[in-house]
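Here is the structure we will look at.
The values are calculated or read from the model by the stated rules, or taken from the named source; none is laboratory data. Since we're looking at a predicted model, the values are computed, not measured. Here the Cβ positions follow ideal geometry from the backbone for every residue, glycine too, while neighbour counts run over all protein chains shown.
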Amino acid sequence: MTSEQKQWISATVPVLKENGVLLTKHFYNRMFTHNPELKNLFNMGNQQSGKQQTALAMAVLAYADNIANPGVLMPVVDRIGHKHVSLDIRPEQYQIVGRHLIASIQEVLGNVATPEIVDAWTVAYQQLANLMSGHEAKLYEQKTAQQYGWTGWRPFTVGKINVESTEITSFYLFPSDGGKVAAHVPGQYISVKVFLPEMKLYQARQYSISSTPAQDYYRISVKAEKGAGLDTNGLISNYFHDVIKEGNIVDVTAPAGDFKLAKDLAAPVVLISGGVGLTPMISMLQNLVEQKFTYPITWLHGCRNRSVHAFKDQLDQIVNANDSIEQHVFYDVPTARDKQEGVMEGFLDINKIASLPQYPGTMYYVCGPAPFIRKQYQDLISCGIKKESILFEEFGPALLQLN
C-alpha cells in the first residue's frame with residue numbers, strides 16, 4: 001500500500017466506529033443473497049444474534065486502526081486463522097468475501113466512499129486476505145506434517161456416549177476409516193459439522209476436546225441448551241443430545257486453537273472455569289497428571305449446583321490422589337452437604353482463595369461465558385497478575401478485547 005492509501009484508510013476510522021455494525025450487517029445480507037451456499041459455512045446462530053456482525057466490525061476497525069503496522073495484529077490473526085482452518089476456509093473464499101465487502105462499503109457509506117477510499121480499501125483488503133491466507137497455509141501445512149494429521153472434513157463415527165451431568169454429555173468420536181487421529185494439544189477444539197433439516201443447511205460448531213491426547217478418538221462434551229427461543233447454536237448442541245446415537249456419522253476437522261497448554265511450563269498452573277468452560281480444562285488437568293507435572297495445580301470452578309457439575313466425581317478422585325492439586329468449587333446455590341465438602345456460595349471469586357498461586361511464571365487459563373471471563377481477567381489483573389500470564393478461551397465470535 002502507498003502512504004496515501006494508508007492515510008485514506010486511517011481517515012475512515014471515525015466512520016467505521018459510527019457505522020461499523022451497520023456496514024457488516026449489510027455485508028452479510030448482501031453476501032448471503034448473492035452466494036447463499038456460504039450459509040453452510042457461516043454460523044447462522046451468530047448471524048441471528050448479531051454477534052458475528054459485531055465481531056467483524058471490531059476486526060475491520062482494528063485493522064484500519066493499525067493499517068500502518070498490521071503486524072501488531074498477528075495474535076488476532078493467529079486466533080482467527082485457527083478458526084478458519086478448523087472450518088476449512090480456503091483462499092478463493094476470501095475473494096468472494098472481498099467483493100461483497102468493497103461493494104458494501106460503497107452502498108452503505110454512499111458519497112463518503114470516494115473513489116480514493118474505495119481503491120484504498122480494495123488494496124487494504126487484499127493485503128489482509130494475503131496475510132490471513134498466508135498464515136492459514138502454514139497452519140494447514142503443520143496439520144499435514146503432523147503424524148496422522150489431515151486437512152478438510154473427515155467422517156467420524158460416534159462410538160460411545162456418556163452422560164456427565166444433567167446438562168453435559170460426552171461423545172467419543174472415532175475415524176470412520178479405521179485410521180488414527182492427530183494428537184491435540186490440551187485446550188484445543190475440533191469442528192463438527194451436521195445437517196439441520198429444519199434449516200436445510202449444514203452447520204459447523206467448535207467443541208473443546210475434553211479427552212487427553214490420544215491416537216484413537218476425540219471426546220467432546222456438549223451442553224444441552226434449554227428454554228424458549230433457542231438460536232442455531234442451541235439447535236446444534238441439542239441435535240447431539242436429541243438426535244445423535246452411537247454409530248452415527250459426523251464430519252470433523254483436525255484439532256485447532258491457540259488456547260492450549262504451553263510446552264515449556266515451569267511454574268504453577270491455575271485453571272479457572274465457569275459452567276461448560278471446564279471442557280478444555282479437564283483435558284489440561286489430566287494431561288498434566290499423566291505427564292507427572294511437578295508444580296502445584298489449582299482449579300477453580302463455578303456453576304449453578306452439583307447436578308450440573310460435569311466430571312465432578314472424576315475430578316474429586318484426581319484431586320484426592322494428588323497432593324499437588326487444589327480444587328475450589330463455587331455453586332450458586334450450594335446445599336448443606338456441599339458446604340460441608342468445602343463448596344463456596346455465589347459467583348466464582350478468586351479473592352476468596354487465600355492460597356491462589358502468584359509465583360512468577362504462573363500461567364492462568366480461563367474459560368467460560370464472556371461475563372465470567374471478563375470478571376476473572378479483571379480480578380487477576382487487580383491482584384497484580386500480568387496480562388501475558390492470562391490466557392482465555394471465549395466460546396463463539398471473539399468479542400472480548402482484554403489483552
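Applying the selection to the stretch 35-60, what residues are at pLDDT 90 or above and under 18 Å from Ala129 (Cβ atoms)? Steps first, answer last, please.
Looking only at the stretch 35-60, we keep the residues that are at pLDDT 90 or above, and these are 35-40.
Listed by number, the residues that qualify are Asn35, Leu38.
Considering the stretch 252-306 alone, what residues qualify as being among the polar types (S, T, N, Q) and touching a strand residue (DSSP E or B) at 6+ places or on another chain (Cβ under 8 Å)? Outline the logic, then answer.
Within the stretch 252-306, the first condition is being among the polar types (S, T, N, Q), and the residues that meet it are 253, 273, 279, 283, 286-287, 291, 294, 298, 305.
Passing the criteria: Thr253, Ser273, Thr279, Ser283, Thr298, Asn305.
If you scan the stretch 91-109, which residues turn out to be crowded, with 16+ Cβ neighbours inside 10 Å and not polar (S, T, N, Q)?
Tyr94, Val97, Gly98, Arg99, His100, Leu101, Ile102, Ala103, Ile105, Val108, Leu109, listed by residue number.
Taking the criterion of being under 30 Å from Thr12 (Cα atoms) and crowded, with 19+ Cβ neighbours inside 10 Å, would at least one residue in the stretch 136-148 satisfy it?
Within the stretch 136-148, one or more residues are under 30 Å from Thr12 (Cα atoms) and crowded, with 19+ Cβ neighbours inside 10 Å.
Gln358 fails exactly one of the following numbered conditions: (1) in a loop (DSSP other than H, G, I, E, B); (2) out of contact with any Cys (no Cβ under 8 Å at 6 or more places or on another chain). What is the number of that condition?
(2)
Yes or no: the stretch 321-341 includes at least one residue that is under 21 Å from Val163 (Cβ atoms), out of contact with any helix residue (DSSP H, G or I) (no Cβ under 8 Å at 6 or more places or on another chain) and loosely packed, with under 13 Cβ neighbours inside 10 Å.
No; the residues of the stretch 321-341 include none that is under 21 Å from Val163 (Cβ atoms), out of contact with any helix residue (DSSP H, G or I) (no Cβ under 8 Å at 6 or more places or on another chain) and loosely packed, with under 13 Cβ neighbours inside 10 Å.
When you check Val112 against the structure, is it in contact with a Ser or Thr (Cβ under 9 Å, 6 or more places away or on another chain), over 25 Å from Leu235 (Cβ atoms) and surrounded by fewer than 16 Cβ atoms within 10 Å (Cβ to Cβ), yes or no?
Values: in contact with a Ser or Thr (Cβ under 9 Å, 6 or more places away or on another chain): yes; over 25 Å from Leu235 (Cβ atoms): yes; surrounded by fewer than 16 Cβ atoms within 10 Å (Cβ to Cβ): yes.
Here the answer is yes, as Val112 does meet what is asked.
Give me the residue from the stretch 123-158 that is under 30 Å from Phe171 (Cα atoms) and of a type in the set (Phe, Trp, Tyr) and, out of that set, farthest from the chain's Cα centre (by Cα).
So, considering only residues that are under 30 Å from Phe171 (Cα atoms) and of a type in the set (Phe, Trp, Tyr), the one farthest from the chain's Cα centre (by Cα) is Tyr148.
Within the stretch 296-319, is even one residue over 23 Å from the mean Cα position of the chain (by Cα) and over 23 Å from Gly342 (Cα atoms)?
no
Within the stretch 72-92, can one find any residue that is part of a helix (DSSP H, G or I), more than 19 Å from the chain's Cα centre (by Cα) and within 25 Å of Val15 (Cα to Cα)? Outline the logic, then answer.
Step one: filter the stretch 72-92 for residues part of a helix (DSSP H, G or I), giving 72-86, 91-92.
Remaining after also requiring more than 19 Å from the chain's Cα centre (by Cα): 72, 91-92.
Those left that are additionally within 25 Å of Val15 (Cα to Cα): 72.
Yes, some residue in the stretch 72-92 is part of a helix (DSSP H, G or I), more than 19 Å from the chain's Cα centre (by Cα) and within 25 Å of Val15 (Cα to Cα).
Which numbered condition trips up Ala129, out of (1) closer than 21 Å to Ile190 by Cα; (2) in a helix (DSSP H, G or I); (3) among the hydrophobic types (A, V, I, L, M, F, W, C); (4) at pLDDT 90 or above?
(1)
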